[in-house]
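Novice: This is the structure I want to talk about, given as structure tokens.
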Amino acid sequence: MCGIVGYTGGKSVVDILIDGLRQLEYRGYDSSGVAVKCGEDIKVYKAEGKLENLCKVLSPYKDELKTATCGIGHIRWATHGAPTVLNAHPHTCTCGRLALVHNGIIENYKEIREKLEKEGCTFRSQTDTEVAAHLVAKKYAQTKDLTEAVRLATKELEGAYALCVMHNDYKNTIVATKRNAPLLVGVGDGEFFAASDVPAIIKYTNRAMYLNDNEIVTLTPEKMVLINSDGKEIPQKIETLPWEPVALSKRGYKHFMLKEIHEQPDVIRNILVGKLHAPDEPIVLNEVKLNKDTLKNLNRIQIIACGTSLHAAMVGKYLIENFCGIAVDVEASSEYIYRKTVTDSHTLVIGVSQSGETADTLTAIRQAKEKGSHALIITNRPDSAMARLADSLIPVNAGIEVSVAATKSYTAQLMAFYLLALYMAEVKNSVDKSTLTSLKSELMLLPQKVERILAHTENIQKCARAYASTKDFIYIARGINFPTALEGALKLKEISYINATGYPAGELKHGPIAMLDETMPVLSILMRGCVYEKLLSNSEEAKARNARMIALTNSDDEKLDDLFDYIIRVPEVQELFSPVIAMVPLQLLAYYIAEFLGKDVDQPRNLAKSVTVE
Ligand code: AGP
């Protein structure tokens, strides 16, 4: 979960590198650095903490570096070694004539380091990355060819890497390669960019080539040469990126998170386009290859994901079991990959991932495919490694989500599950036509209901101010909204650092109720439906222990006024669709609490948007 950039061309490179790193800050922001070719030398500048610290380090050299037109940059989420300047990238070889930046984890770095130290290499950092710099330099001393040196060195690396490398002997050359980590090359006129992700290059070009594992590209302003791991030149697959630069602006909102919360009505409309035209028409999922026979032969479905995507997966379980009657298991990817799973050719495995690059989920999907299962991927990045593994694909089309805290992508994932569950019900004929029509009508009404919530946030802001100083927070719900409680708690946790936990309301009396007193807020997601009364009595149990009660509800039952200190009301909605409606106020509550506390809402400490290492 680091970000790397590279540029070679006719423009001043420093500003391009800094701008690229700024667009990749969501991938990590513990430290940053650049290496630029300035005359005969490669000059390296690094700083701890946020990117503006690197800008301060660079500022005295602005004039001197103005003529530099080739360079690489890095923004770090620390994996090996504390976030210090010494551990910041770029890393260089012993003599400093080679510089390298890396995203990923080199799993066999210890044994390589021991071998290189015995050969006289002097290591300065505690990072795995520095091993790659010394190894490439060693190969370069033998081959005097930077591309060949990178090719030979990476054959000895195990794990995940996306690398950009420069050497003093080359005026304006960057060599880049990748394995199990994202890397794309932006193609300009007389200039080339290398980057971990689209936002770093979209401002300059929308023409790009995604590298495949073990491919090596050599970039100079004049040309790009692509070779495979055998050193053989291979064709270049240049495509036009489907992204607009406007996605990268806050458009008047204080934070990207608030902007992305407010984009949700359009995100819901957007995912329905081309898939659900009218309630009485069938759902169209062109990239889902699940016909009647496939579904008939399924004996189970496993949904695998992490974090917020895992919570969306849990809602998906309720929907698929409810509409299709197929048993569904949901599991965190990091657990799935380390146990003996019962997955086979009669299993449908659904991978859910906003980034499509989460290492744990990628590994899980690869394992499931090796066991013969059909892999259906739900992702916001159809250009991602996970999308490329898919046998079936549902792109959620939520647009670039810059804020580390997932909001619109969660809602889009929920919508993907509604569409998938209804699609499978139609294929299996497991739900009668009139019920399907009514369900699809409800689905199409969701954007307006979310808009009504977003139009009246004063009460949520008031509630946020009242509870911002709390140290703990409990969210309770039942049924299809239990994942909503988990996701609401995660939102609050990850951007305000408050210790928030979601529980199934029925579990309170089995332990957590011991924590309740007048200092503990309990938020009850009290949506009308089959578990409403039960949840109401759980809320009364909490109230009886003097907890500070908040209700998120679509009920106008007057007795709630006596039970709850705060009531956040949302529009009426069928229980099965209530997770979409209930989540928006919880996202706003978390946002306003974090904003009130002055937290770094879009880039919370210790987090990264895409966890591309296990
Ligand atoms: C969500 O707010 C977090 N940023 C995090 O839990 C995220 O959902 C998780 O890392 C999974 O990411 P993915 O959806 O890109 O796989």
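The values are calculated or read from the model by the stated rules, or taken from the named source; none is laboratory data. A quick note: this is a predicted structure, and the numbers were derived from the prediction, not measured. Note: ideal-geometry Cβ built from the backbone for every residue, glycine included; neighbour counts use all protein chains shown. All accessible areas refer to the heavy atoms of the entire protein, side chains included, with ligands and DNA or RNA removed. Shrake-Rupley method; radii C 1.70, N 1.55, O 1.52, S 1.80 Å.
Novice: Could you list, bin by bin from short to long, the percent of Cα-Cα pairs of the stretch 40-175 in 10 Å steps?
Specialist: With 10 Å bins starting at 0, P(r) equals 12, 44, 34, 10, 0.
Novice: Something else now. Return the equivalent ellipsoid semi-axes of the stretch 479-614 as a descending list in whole Å, where each equals the square root of 5 times an eigenvalue of the C-alpha gyration tensor. Walk me through the numbers on the way to the answer.
Specialist: On the way: eigenvalues 132, 61, 44 Å².
They are 26, 17, 15 Å, listed from largest to smallest.
Novice: Now for a different question. Please name which of Ile304, Ser430, Thr220 has its Cα lying farthest along the dipole of the chain towards the positive end, using unit charges on Cβ (Lys, Arg +1; Asp, Glu -1) and the Cα centre as origin.
Specialist: About the Cα centre, the residue reaching furthest to the positive side is Thr220.
Novice: Which value, in debye to the nearest 20, describes the size of the charge dipole of the stretch 466-513 about its Cα centre when Lys and Arg Cβ atoms bear +1, Asp and Glu Cβ atoms bear -1, and nothing else is charged? Provide the component values of the computation, followed by the final result.
Specialist: Details: 5 positive and 4 negative charges, 15 e Å.
About 80 debye.
Novice: Still on this model: Which value in deg cm²/dmol, rounded to the nearest 500, describes the helix-derived mean residue ellipticity at 222 nm for the chain, given -39,500 (n - 2.57) per DSSP H run of n ≥ 4 and division by the residue count?
Specialist: On the way: 20 runs with 223 residues, N = 614.
So the calculated ellipticity at 222 nm is -11000 deg cm²/dmol.
Novice: Now for a separate question. Step through the residues of the stretch 420-429 one at a time and calculate ³J(HN,Hα) from phi using the Karplus curve (6.51 cos²θ - 1.76 cosθ + 1.60, θ = phi - 60°), rounding each to whole Hz and writing x for Gly and Pro.
Specialist: 5, 5, 5, 4, 5, 5, 5, 5, 7, 6
Novice: Okay, next question. How large are Rg and Dmax for the stretch 94-167 when calculated on the C-alpha trace, in angstrom?
Specialist: Using the Cα atoms of the stretch 94-167, the pair Rg, Dmax is 11.0, 28 Å.
Novice: Could you compute how fast the stretch 413-493 diffuses translationally, taking Rh as the Kirkwood radius over C-alpha pairs and applying Stokes-Einstein at 37 °C with viscosity 0.692 mPa s? Give it in µm² per second. Mind dumping the intermediate values first?
Specialist: Working: Rh = 15.7 Å.
It comes out at roughly 209 µm²/s.
Novice: Additional query: Length gain on complete extension for the stretch Glu156 to Asp15, per 0.36 nm per residue less the alpha carbon to alpha carbon distance? Please report the intermediate quantities before stating the final value.
Specialist: Values: separation 141, 0.36 × 141 = 50.76 nm, distance 3.42 nm.
My answer for the length gained is 47.3 nm.
Novice: Dividing the Cα radius of gyration by the Kirkwood radius, what Rg/Rh value follows for the stretch 400-446?
Specialist: Details: Rg = 13.6 Å, Rh = 12.0 Å.
In the stretch 400-446, Rg relative to Rh is 1.13.
Novice: Assuming a strict under-25 Å limit between Cα atoms, what lysine pair count do you get for the stretch 533-614 once near-sequence pairs (fewer than 8 apart, same chain) are dropped? Show your work: numbers first, answer last.
Specialist: Details: Lys534/Lys543; Lys534/Lys559; Lys543/Lys559; Lys599/Lys609.
Lysine pairs meeting the criterion: 4.
Novice: Another one. With viscosity set to 0.890 mPa s at 25 °C, what whole-number translational diffusion coefficient in µm²/s follows for the stretch 286-351 from Stokes-Einstein and a Kirkwood radius over Cα pairs? Mind showing how you got there, number by number?
Specialist: On the way: Rh = 12.5 Å.
Stokes-Einstein gives a translational diffusion coefficient of 197 µm²/s.
Novice: Same structure, new question: From a point 7 Å beyond the Cα of Ala82 in the direction of its Cβ, which residues of the stretch 30-45 have a backbone N at a distance under 17 Å?
Specialist: Only 30-32 pass the distance filter.
Novice: How many percent of Cα pairs in the chain exceed 35 Å?
Specialist: Details: 81036 of 188191 pairs.
For the chain, the share of Cα pairs beyond 35 Å comes to 43 percent.
Novice: Report Rg(Cα)/(2.2 N^0.38 Å) for the stretch 124-230, keeping two decimals. Write down the numbers at each step before the final one.
Specialist: Details: Rg = 13.6 Å, N = 107, 2.2 N^0.38 = 13.0 Å.
This ratio for the stretch 124-230 stands at 1.05.
Novice: A further question on this structure: Compare the Cα positions of Ala181, Met386, His510 along the charge dipole of the chain (+1 at Cβ of Lys, Arg; -1 at Cβ of Asp, Glu; about the Cα centre) and return the one farthest towards the positive end.
Specialist: Farthest towards the positive end: Ala181.
Novice: Subtracting the Cα-Cα distance from 0.36 nm times the residue separation, let me have the gained length for Asn546 to Arg339 in nm, one decimal.
Specialist: Details: separation 207, 0.36 × 207 = 74.52 nm, distance 4.25 nm.
Gain on stretching Asn546 to Arg339: 70.3 nm.
Novice: To continue, here is another question. Charges only on Cβ, +1 for Lys and Arg, -1 for Asp and Glu: so what's the dipole of the chain about the Cα centre, in debye to the nearest 20?
Specialist: Computed charge dipole of the chain: roughly 720 debye.
Novice: Skipping prolines and chain starts, which residues have an amide H placed within reach, meaning under 5 Å, of the one on Ile394, given they are 5 or more residues away or on another chain?
Specialist: Under 5 Å from the amide H of Ile394 lie the amide H atoms of Ile377, Ile378, Thr379, each far enough along the sequence or on another chain.
Novice: While we're looking at this one, here's another question. Where only protein heavy atoms count, and the probe is 1.4 Å, what is the accessible area per residue for the chain in Å²? Present the calculation step by step, with values, prior to reporting the outcome.
Specialist: Details: 22770 Å² over 614 residues.
Roughly 37 Å² per residue, with all protein chains present.
Novice: Give the share of C-alpha pairs in each 10 angstrom bin for the stretch 352-402, from 0 to the last occupied bin, in whole percents, shortest bins first.
Specialist: 29, 56, 13, 1
Novice: Okay, moving on. Put +1 on the Cβ of each Lys and Arg and -1 on the Cβ of each Asp and Glu in the chain; which of Gly28, Ala500, Ile350 then has its Cα farthest toward the positive end of the dipole?
Specialist: The residue sitting most towards the positive pole is Gly28.
Novice: What percent of all Cα-Cα pairs in the stretch 311-437 falls in each 5 Å bin, counting up from 0?
Specialist: 2, 11, 20, 24, 21, 13, 7, 2, 0
Novice: With +1 assigned to the C-beta of every Lys and Arg and -1 to the C-beta of every Asp and Glu, and no other charges, what is the dipole magnitude of the stretch 457-562 about the Cα centre in debye, to the nearest 20?
Specialist: Numbers: 13 positive and 15 negative charges, 59 e Å.
With only Lys, Arg, Asp and Glu charged at Cβ, the dipole is about 280 debye.
Novice: Now for a different question. Does a label point 7 Å from the Cα of Asp600, set along Cα-to-beta-carbon, have any residues of the stretch 78-118 with amide nitrogen under 18 Å, and which are they?
Specialist: Zone members listed by number: 78-89.
Novice: Which whole-Hz couplings ³J(HN,Hα) result when phi for each residue of the stretch 259-275 is put into the Karplus expression 6.51 cos²θ - 1.76 cosθ + 1.60, θ = phi - 60°, listed in order with x for Gly and Pro?
Specialist: Rounded to whole hertz, the list is 4, 5, 5, 6, 7, 4, x, 5, 4, 5, 4, 5, 6, 7, 4, x, 10.
Novice: So what are the radius of gyration and Dmax for the Cα set of the stretch 219-306, in Å?
Specialist: Answer for the stretch 219-306, Rg first and Dmax second: 21.6, 56 Å.
Novice: Right, another one. Can you tell me which aspartates and glutamates have their Cα less than 19 Å from the Cα of Lys237? Leave out same-chain residues fewer than eight positions away.
Specialist: Straight-line reach from Lys237, under 19 Å: Asp189, Glu191, Asp197, Asp213, Glu215, Glu222, Asp383.
Novice: At 0.36 nm per residue, minus the direct Cα-Cα distance, what do Asp266 and Asn429 gain on full extension? Give it in nm, one decimal, please. Mind dumping the intermediate values first?
Specialist: On the way: separation 163, 0.36 × 163 = 58.68 nm, distance 3.02 nm.
Full extension from Asp266 to Asn429 adds 55.7 nm.
Novice: Short version: ³J(HN,Hα) in whole Hz for each residue of the stretch 105-115, in order, from phi by Karplus 6.51 cos²θ - 1.76 cosθ + 1.60 (θ = phi - 60°), x for Gly and Pro, what are they?
Specialist: Using θ = phi - 60°, the values come out as 9, 8, 6, 9, 5, 5, 5, 5, 4, 4, 5 Hz.
Novice: How many angstrom lie between the C-alpha centres of the stretch 84-100 and the stretch 419-464?
Specialist: Rounded to whole Å, the Cα centres lie 52 Å apart.
Novice: Here's something else I'd like to know. Restricting the calculation to Cα positions, tell me the Rg (one decimal) and the Dmax (whole number) of the stretch 521-592 in Å.
Specialist: Looking at the stretch 521-592, its Cα Rg and Dmax stand at 11.7, 32 Å.
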